[in-house]
1. If the cut-off is a Cα-Cα distance under 13 Å, which aspartates and glutamates reach LYS101, setting aside same-chain residues fewer than 8 apart in sequence?
2. Please tell me which of these pairs span more than 23 angstrom C-alpha to C-alpha: LYS60/LYS89; LYS51/LYS89; LYS51/LYS74?
Amino acid sequence: MQRLFDILFSGAALVVLSPMFLALMVVLRLSGEGEIFFLQERIGRDGRRIKLFKFATMLKNSEHIGTGTVTLHKDPRILPIGGLLRKTKINELPQLLNIFKGDMSVIGPRPQTQRCFDAFPEKSQAVIVQVSWAVWRGINRISR
C-alpha cells in the first residue's frame, strides 16, 4: 500500500512540478558549470547503494575543494542560483525521482551517506537498514 502511495504521490508531483523542473534545468545548464543534477551515493533500503538525485548547487567536484563535504555559510563553491535552491530546499525535489524508482519512500528515513552511516555503531546500522526496509515494505513494526 505504501509503495502505491509513493508511486502515485511522486508521479503526480513530478507532473505538476515538471514546468519548474524544465525551467531550472535550462538555468542550471546555462549557468555555473553546466551541471543539472548532483548524484550522491547513499545507503538505501536493505543496505543497497543508491544514487540520490539533487539539483546541482555547487561547483563540480566541490567535495575535493576547500572544506570538502562541509558547507560553510556563504561558501564560495555555491553557484549563484544554488544559494536560492538550497535556501528554499528546491534542490531536494529531484528526490521525487528516487521515490518513483523505489529507492526511497515519502514516509520513512532518508538514505544516509556512507560517512554518516559508518558513524553509527554496527548494531544501530543493522536497525537503520532494517527500518529502511520495513518502512519501504509498509510494515509498521520491526520484528526482533
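Values quoted throughout were computed directly from the atomic coordinates according to the rules given, and no laboratory measurement underlies them. Given the structure is predicted, the values throughout are model-derived calculations rather than measurements.
1. Filter leaves ASP6.
2. LYS51/LYS74
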